[in-house]
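First the structure, which I've put down as structure tokens, then a few questions once you've had a look.
The values are calculated or read from the model by the stated rules, or taken from the named source; none is laboratory data. On a predicted model such as this, the values are computed, not experimentally measured, just so you know. Positions of Cβ are backbone-derived with ideal geometry, glycine not excepted, and every protein chain shown enters the neighbour counts. Just so you know, the surface numbers come from the protein's heavy atoms only, side chains and all, with ligands and any DNA or RNA stripped out. Shrake-Rupley method; radii C 1.70, N 1.55, O 1.52, S 1.80 Å.
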Amino acid sequence: QPAPWAAVLQDEEVLREAAAVAVDAALLEGVLMRTEGFPNTSDVVNYAPFTLLPSVVPSALFEQAYAVQQDFNLLVDAISQNKEFVEQTLASTVKVDDFTAQLFRIHMQVLEEGLAQSVFLGINRSDYMFDCGMDGIPALKQIEINTIAASFGGLTSRTVAVHGRVLKVLGKFEEASRLLPNNPSKGLALGIAKAWELYGSPSAVVMFLVEEVQRNIFDQRCIENELWNRNIRVIRKRFRDVFEKGSLDDTRRLYIDGREVAVVYYREGYVPTNYDQQNWEARLLLERSRAVKCPDIATQLAGTKKVQQELSRPGILEMLLPGRAEAVARIRATFAGLYSLDMGEEGDKVVAAAIADPDRFVLKPQREGGGNNLYGEELRQALEKIRDSPERTAYILMDKIKPQPAINYLLRAHSPLQASECISELGIFGVYVRRGKEMVMNRAAGHLLRTKAIEHADGGVAAGVAVLDTPYLV
């Protein structure tokens with residue numbers, strides 16, 4: 001269904017004026033990033049890329065995505081506690097993927113030693129696309145679930161106001177009033193605050209573990225502000241700071257610079273380039289500690305592509321969520337076709353099918369962050385090369401989702417204003433806190449809509465491809 005402002009898209013002068021208003025509104029609202037030239041200082045900033053107009057989203061699918069989030073929270077938490085399932089599922093992957101293997105080694109070491117951590121905090125984001133099937137009726141299909149460093153909860157909180165302003169400038173007051181308020185940074189901070197409180201040491205701090213290159217600092221500052229507003233002290237440290245200054249006392253409480261750390265919130269540590277030998281040692285120190293890790297290493301492993309593919313096998317969800325038939329049905333309804341490339345007859349058949357018809361599929365490695373997936377001809381060439389080697393088990397194969405494109409304008413610093421055919425991806429933030437066996441908090445915490453021009457098959461906002469957007473429900 002076309003947007004109620006479709007007619008406006010014909011008038012170039014009106015669009016130019018709207019774009020100028022939009023950029024100033026983004027700066028005013030704090031939809032900001034540091035620049036590539038000065039990634040570690042806020043002397044120079046610019047607006048984070050965003051769409052000129054909100055994108056139309058079917059309200060039934062939007063509601064479905066929210067309704068299943070608590071189920072996904074329970075599922076991720078259940079996986080993280082199921083040592084046998086994680087071990088069996090990743091057995092083939094750890095043989096060929098060094099990064100997953102290294103995380104897995106820390107996981108096993110921490111379990112062997114016995115967990116010091118008793119409070120668990122999960123912040124995840126489940127991402128979906130709207131698949132237009134043969135019948136043309138869009139369906140909600142999960143792309144992936146991000147269990148570590150799920151970003152843009154802060155900036156997306158500030159994007160609604162920008163799109164509201166643009167719609168008003170275009171004379172669409174009624175439509176502007178229908179944009180839903182959305183504040184994930186508040187919901188995520190509530191989870192962190194709850195974990196901090198249950199940790200039970202009022203003088204302890206929350207540590208944001210941050211990247212070496214911190215262009216997206218304002219997104220994190222939104223969450224940080226919510227914590228300061230609750231009089232919770234926040235510190236920002238990198239892995240190298242932990243390596244140099246971190247220590248555990250005899251009850252495995254974590255100290256850095258003489259301060260006790262109650263919660264470690266990872267915004268780093270999800271790709272191999274985040275680690276060298278020192279950083280792996282720092283990660284082990286953090287995982288051995290009593291501090292609440294968001295996520296703990298088991299939860300990071302629960303977010304791997306291989307686990308996602310295993311979940312789509314018959315009976316697996318039932319095993320992980322016993323007695324929760326409705327939750328299982330809601331989760332399964334969002335699954336796209338996922339296929340194993342494990343060695344053996346089944347995997348061979350899958351590989352052959354993908355080589356024969358590469359446009360039906362996406363080939364995904366075990367990686368967080370955009371920019372790693374293979375499509376079409378690249379997919380075929382890659383599979384030809386590894387079809388008979390165990391290396392293929394480092395990937396999963398997924399049905400390619402075919403959304404209905406819509407026209408929008410992507411606003412990026414120093415880029416000309418031009419119409420693009422775009423597709424959108426909806427993420428729902430989930431937050432949960434568990435103490436021992438008791439779920440203390442389990443909720444959806446807001447949403448993120450990201451939109452990209454269809455010439456980019458892959459990529460997140462951070463990869464410089466998808467931009468921030470706001471859903472307009474129809």
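Consider Arg434 against the criteria (1) touching a strand residue (DSSP E or B) at 6+ places or on another chain (Cβ under 7 Å); (2) outside the structural domain of Leu311 (by the TED database): it satisfies all of them except one. Which criterion is unmet?
(2)
Next question, about the same structure. Just to be sure I understand, how many residues within segment 49-70 are under 18 Å from the mean Cα position of the chain (by Cα) and within 30 Å of Glu36 (Cβ to Cβ)?
2
In segment 24-40, which residues are part of a helix (DSSP H, G or I) and either touching a residue at least 12 places away in the same chain (Cβ under 8 Å) or buried (at least 18 other Cβ atoms within 10 Å of the Cβ) (or both)?
Within segment 24-40, Ala25, Ala26, Leu27, Glu29 qualify.
Given the criterion surrounded by 16 or more Cβ atoms within 10 Å (Cβ to Cβ), touching a strand residue (DSSP E or B) at 6+ places or on another chain (Cβ under 9 Å) and modelled with pLDDT of 95 or more, identify the matching residue among Ala354, Ala327.
Ala354
Select from segment 51-80 the residues that are more than 30 Å from Ala419 (Cα to Cα) and β-branched (Val, Ile, Thr) and list them in ascending order.
Matches in segment 51-80: Val68, Val76, Ile79.
How many of the residues in segment 370-421 are basic (Lys, Arg) and open to solvent by less than 30 Å² (accessible area, probe 1.4 Å)? Before the answer, list the steps.
Step one: filter segment 370-421 for residues basic (Lys, Arg), giving 380, 385, 387, 392, 400, 402, 412.
Okay, now just the ones that are also open to solvent by less than 30 Å² (accessible area, probe 1.4 Å), so 392.
Looking only at that region, the number is 1.
Starting from residues that are in contact with a strand residue (DSSP E or B) (Cβ under 7 Å, 6 or more places away or on another chain) and more than 16 Å from Ile123 (Cα to Cα), keep the ones in segment 181-209 and report whichever is most open to solvent (accessible area, probe 1.4 Å).
Once the filter is applied, the top-ranked residue is Ser203.
Has segment 110-119 got any residue that is closer than 21 Å to Val431 by Cα, open to solvent by less than 40 Å² (accessible area, probe 1.4 Å), part of a strand (DSSP E or B) and modelled with pLDDT of 95 or more?
Start the filter on segment 110-119 by keeping residues that are closer than 21 Å to Val431 by Cα, which leaves 117-119.
Checking which are open to solvent by less than 40 Å² (accessible area, probe 1.4 Å) leaves us with 117, 119.
Now restrict to residues that are part of a strand (DSSP E or B): 119.
Now drop any that are not modelled with pLDDT of 95 or more, which leaves 119.
Yes, the conditions are met somewhere in segment 110-119.
Being over 24 Å from Met129 (Cβ atoms) and in contact with a Gly (Cβ under 9 Å, 6 or more places away or on another chain) is true for just one of Tyr266, Tyr339, Tyr255. Which residue is that?
Values: Tyr266 fails: in contact with a Gly (Cβ under 9 Å, 6 or more places away or on another chain); Tyr339 fails: over 24 Å from Met129 (Cβ atoms).
Result of the check over Tyr266, Tyr339, Tyr255: Tyr255.
Would you check if Pro314 is in the same structural domain as Asn216 (by the TED database) and surrounded by fewer than 21 Cβ atoms within 10 Å (Cβ to Cβ)? Step through it out loud before you land on a result.
Numbers: in the same structural domain as Asn216 (by the TED database): yes; surrounded by fewer than 21 Cβ atoms within 10 Å (Cβ to Cβ): yes.
So Pro314 passes the test.
May I pose another question? Could you say whether any residue in segment 145-166 is open to solvent by less than 20 Å² (accessible area, probe 1.4 Å), more than 21 Å from the chain's Cα centre (by Cα) and without any contact (Cβ under 8 Å) to a residue 40 or more places away in the chain?
Yes.
Also, I was wondering about something else. Given the conditions (1) open to solvent by 60 Å² or more (accessible area, probe 1.4 Å); (2) assigned to a strand (DSSP E or B), which single one is not true for Leu448?
Just one mismatch for Leu448, condition (1).
Looking at segment 166-193, which of its residues are closer than 22 Å to Met207 by Cα and β-branched (Val, Ile, Thr)?
Ile192, the sole residue that qualifies.
Restricting to segment 239-263, name every residue that is of a type in the set (Lys, Arg) and surrounded by 18 or more Cβ atoms within 10 Å (Cβ to Cβ).
Initial filter on segment 239-263 (of a type in the set (Lys, Arg)): 240, 245, 252-253, 259.
Selection gives Arg253 alone.
Still on this model: Here are some residues: Gln102, Gln88, Gln1. Which one is modelled with pLDDT of 95 or more and loosely packed, with under 13 Cβ neighbours inside 10 Å?
Values: Gln102 fails: loosely packed, with under 13 Cβ neighbours inside 10 Å; Gln1 fails: modelled with pLDDT of 95 or more.
After applying the criteria, what remains is Gln88.
Further question: Among (1) surrounded by fewer than 16 Cβ atoms within 10 Å (Cβ to Cβ); (2) closer than 27 Å to Leu74 by Cβ; (3) in contact with a helix residue (DSSP H, G or I) (Cβ under 7 Å, 6 or more places away or on another chain), where does Leu301 come up short?
The one condition Leu301 does not meet is (1).
Can you find, within segment 397-453, the residue that is farthest from the chain's Cα centre (by Cα) among those that are at pLDDT 95 or above and among the hydroxyl-bearing types (Ser, Thr, Tyr)?
If we take residues in segment 397-453 being at pLDDT 95 or above and among the hydroxyl-bearing types (Ser, Thr, Tyr), then Tyr409 is farthest from the chain's Cα centre (by Cα).
Just the residues that are of a type outside the set (Phe, Trp, Tyr), in contact with a Ser or Thr (Cβ under 7 Å, 6 or more places away or on another chain) and either crowded, with 21+ Cβ neighbours inside 10 Å or part of a helix (DSSP H, G or I) (or both), please, taken from segment 41-54.
Within segment 41-54, Thr51, Pro54 meet the criteria.
If a residue must be within 30 Å of Gln308 (Cα to Cα) and part of a helix (DSSP H, G or I), how many such residues does segment 142-193 contain?
Taking segment 142-193 as the starting set, the residues that turn out to be within 30 Å of Gln308 (Cα to Cα) are 142-157, 182-193.
Adding the requirement that they be part of a helix (DSSP H, G or I) leaves 155-157, 184-193.
Residues in segment 142-193 being within 30 Å of Gln308 (Cα to Cα) and part of a helix (DSSP H, G or I): 13 in total.
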